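K.L.:
Here's a structure for you.
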Amino acid sequence: MSATPVAAPEGLRVLRAAFVWGLLLALAVGWLGADFAFSQATLVATYAIAGLGVVIIVGQAGQIVLGQGALVALGAYAQTLLVQAGVAPLLALPLAATVGALGGVLASLPAGRLGGLYFGMSTLAFALIVEEALVRWESLTHGAAGLMVPGFGLAGWQADTPLAQAAVSIVVLLIALALAARLLRSRLGRAWRAVREDEAAADACGIAPGAAKLRAFIVGGSLSALGGSLYAHWIGFISPEQFGLVFSFELLMLAFIGGARRLSGAVWGALVVVAIPQAIAVLRDTLPGDWARSAGLELVLFGAIIVAVVLLRPQGLASGPRSG
Amino acid sequence: MKRLRRLALALFAALAGTSLHAADVAGVSAREIVVGHISDLSGPIAMLGTPVRDGMLMRFDEANAAGGVHGRRLRLAVEDAGYDPKRGVLAARKLVQRDKAFAFIATMGTPVVMATMPVVLEAGRLHLFPFSPHKATYEPLHPLKFQNFAPYQDYMEAATRHMVQAGGYRRTCLLYQDDDYGLEVMKGVETGLERLGQTLFERTGYKRGATDLSSQVARLRAAECDLVVLATVVRETVAAMAEARRIGWKVDMLVTASGYSAQTHELGGDAVEGLYGVSVLPHPYAEGANSQLADWIERYRARFGAAPNVWSVMGYSLADMFVRTAEATGRDLTPEAFARTLERLEFTRDYFGSPSYRFSADDHLGNRHGRLAQIRNGRWELITDYLR
């Protein structure tokens, strides 16, 4: 007779996660200083929202996506243009997410004919088309010269301090996580997992794989665009080159390091991608001698950490340690 | 007794003043001035990042060896953003809050510059001489931001005008990198031609990182261009020239200062012989150098184990401007006092052959001019003075 592990109740898990992340933030504030730590928290939360889109499409629906940066770009540009046109930033957020959802629909169109890596390649082509369109459509996007982005504000209040920006990002992340978690528990979430495990079997059970994939791209696209909207405000300047293939691969890496099968994987992945290089930079300053300042040291250490994570937690940080 | 008390009071006031000043001005203590530098040591412009950093380190080391600036040592705090604005913002926060940088110098790459400049200025720190063609680096006027890189638009306007007038070209064309850099150059070339009653005859772009420019060169040849302006960097410059020579097209080409590099003739060899370029700062060739320059090259080699290039000179010159302005500001160093001093100093031409840099209370762009050079016998030779 074997003992079956009993999952902790939902409320307890949420409390535990809140405690862990709160403690991490408090430690970061104590160690790095308030503004630096809150800036990191802002970008970790923003990248986590964008990464949630990848987790939904890759980790839940099992589709390879190599051009997610394009959906982030659509959100960033939509948000910027809407705010520039006088729409309140808070109201522009859902509109920008809708643009991302439409982008997701377009990106998923080849899924009807292509599968696996071939479909992944089509998303790469989609990203290239979006980037090219952003460069060429100068009357709207200012092309390669880029756009200045107004600050995020609400009824006269401006999120112009690191603390305010972190607060906005974390609140939006929590809402996105809650909505995504609800979706995963729904019939749609089960359909995604069924398609991921065996598309033919899912089809035989009455699940339409095409529709499930399309919805994954709609949800994933809107989440990544939401992340892009906030990214535009916090960076203050957007240009097409920022959302190139490197950015798409960074998001993919984020999902796999954090754990693509779990929503919290996006947050852990964002923590590694955004905050670890900064932690390395701070530790580097404590080392004696000139060699510590040599070019590339941070990249080498970051690479070593990624390798260690992959070896010790092949399913991502959000999953348990390697079980063999 | 009274005299003793007065002396004690004076001493206390002096000490309090010192500590108050040190506490008040971020990055300036009784013994040190911290200068922040957000570089690209691992991204697409890393080949510029390392020599710029080394040039600045060399000048700061020299200042420190000579006793520092009013007794304060200079420390360059370097962060690598790798051309990523997210890393740039975090690096700026770190330098503002942890390192307490007094000033930011030579931030590299437009996306990084645009993302970090608000962080730097809101913290009340100086934003000096960033590597970006964006106008926002000096306009609108801000008391703490200064730029000394001649805008592509300005010097390419003058260079195109000079070339077309001197060479009698009638069909000027453009091969440009499809980004903010390429667009700035295009504006300059168009303005220069417009002033001569001409228009840009043909234009064709490429994406950054492209290595095959054969279709673009074929298109320009089909248009029968007689002068091709290149808004390219080193590798694309070589690729464009090599392709033109390969197909037997002996057209004159003029590249911006981004292609004015020793690497262009080192990589291109015979294919780039005769290429025209714009120089905003001459390359430091050891052969034929004046005695001061030869001595500087030797010291650079000894310090870093490599030959300096134009970017090393750039870094050294920027750091030199910082040191000289800090010295002229005096012991009471604040960002505002530094900025007002920079507005009244004139940096005359030196042994590097640099242009003169001058700022004013109304104009925080220190230089607008470049000069023409040509690759002759495997090295760049300057063929004009700075063009007005």
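K.L.:
Here are the criteria: (1) farther than 20 Å from A:V282 by Cβ; (2) more than 10 Å from chain A (Cβ to nearest Cβ); (3) touching a strand residue (DSSP E or B) at 6+ places or on another chain (Cβ under 9 Å); (4) assigned to a helix (DSSP H, G or I). Tell me which single one B:T50 does not satisfy.
P.N.:
(2)
K.L.:
Could you check how many residues of region B:147-167 are away from chain A (no Cβ under 14 Å) and outside any helix (DSSP H, G or I)?
P.N.:
Result for region B:147-167: 4.
K.L.:
If you check A:A292 against the conditions, is it at pLDDT below 80 and part of a helix (DSSP H, G or I)?
P.N.:
Yes; evaluated as a whole, the condition is true for this residue.
K.L.:
Grab the helices (runs of 4 or more DSSP H) fully contained in region A:142-247, keeping just those with 2 or more residues being within 14 Å of another protein chain (Cβ to nearest Cβ) and surrounded by 15 or more Cβ atoms within 10 Å (Cβ to Cβ).
P.N.:
Qualifying helices (runs of 4 or more DSSP H): A:162-185, A:209-235.
K.L.:
So, one more: Residue by residue through region A:30-62, note down the ones that are surrounded by fewer than 17 Cβ atoms within 10 Å (Cβ to Cβ) and either among the β-branched types (V, I, T) or away from every other protein chain (no Cβ under 11 Å) (or both).
P.N.:
Within region A:30-62, just A:G30 meets the criteria.
K.L.:
Scan B:Y300, B:Y351, B:Y386 and give me the residue that is over 17 Å from the mean Cα position of the chain (by Cα) and at pLDDT below 95.
P.N.:
Step by step, each of B:Y300, B:Y351, B:Y386 is checked, and only B:Y351 is over 17 Å from the mean Cα position of the chain (by Cα) and at pLDDT below 95.
Each row is one residue, and each column tells you yes or no for (1) within 8 Å of chain A (Cβ to nearest Cβ); (2) without any contact (Cβ under 8 Å) to a residue 12 or more places away in the chain.
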site: B:N64; (1), (2): no, yes
site: B:L90; (1), (2): yes, yes
site: B:R98; (1), (2): yes, yes
site: B:A101; (1), (2): no, no
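K.L.:
Given the condition more than 14 Å from chain B (Cβ to nearest Cβ), of a type in the set (V, I, T) and without any contact (Cβ under 8 Å) to a residue 24 or more places away in the chain, answer yes or no: does some residue in region A:85-92 qualify?
P.N.:
yes
K.L.:
Going by the structure shown, is B:V120 assigned by TED's automatic domain parsing to the domain that holds B:F102, of a type outside the set (G, A, S) and either within 13 Å of the chain's Cα centre (by Cα) or part of a helix (DSSP H, G or I) (or both)?
P.N.:
When the stated conditions are applied, B:V120 passes them.
K.L.:
Give me a count of the residues in region B:178-236 that are touching a Phe, Trp or Tyr at 6+ places or on another chain (Cβ under 8 Å), under 24 Å from B:L267 (Cα atoms) and within 12 Å of another protein chain (Cβ to nearest Cβ).
P.N.:
So the answer is 7.
K.L.:
What is the number of the single condition among (1) closer than 30 Å to B:I45 by Cα; (2) at pLDDT 95 or above; (3) aliphatic (A, V, I, L, M) that B:L333 does not meet?
P.N.:
It is condition (1) that B:L333 fails.
K.L.:
Could you please let me know if A:A260 is at pLDDT 85 or above and more than 12 Å from chain B (Cβ to nearest Cβ)?
P.N.:
The answer is yes for A:A260.
K.L.:
Looking at region B:288-299, can you tell me whether even one residue there is within 29 Å of B:R125 (Cα to Cα) and among the hydrophobic types (A, V, I, L, M, F, W, C)?
P.N.:
No, that holds for no residue.
Condition check ((1) touching a residue at least 24 places away in the same chain (Cβ under 8 Å); (2) under 24 Å from A:F237 (Cβ atoms)) across all residues:
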| residue | (1), (2) |
| --- | --- |
| A:V149 | yes, yes |
| A:V172 | yes, yes |
| A:I175 | no, no |
| A:L179 | no, no |
| A:L183 | yes, no |
| A:R190 | no, no |
| A:L214 | yes, no |
| A:G221 | yes, yes |
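The values are calculated or read from the model by the stated rules, or taken from the named source; none is laboratory data. Bear in mind the structure is a predicted one, so any value in this text is a computation, not a measurement. Cβ coordinates were reconstructed from backbone atoms using ideal geometry, including for glycine residues, and neighbour counts include every protein chain displayed.
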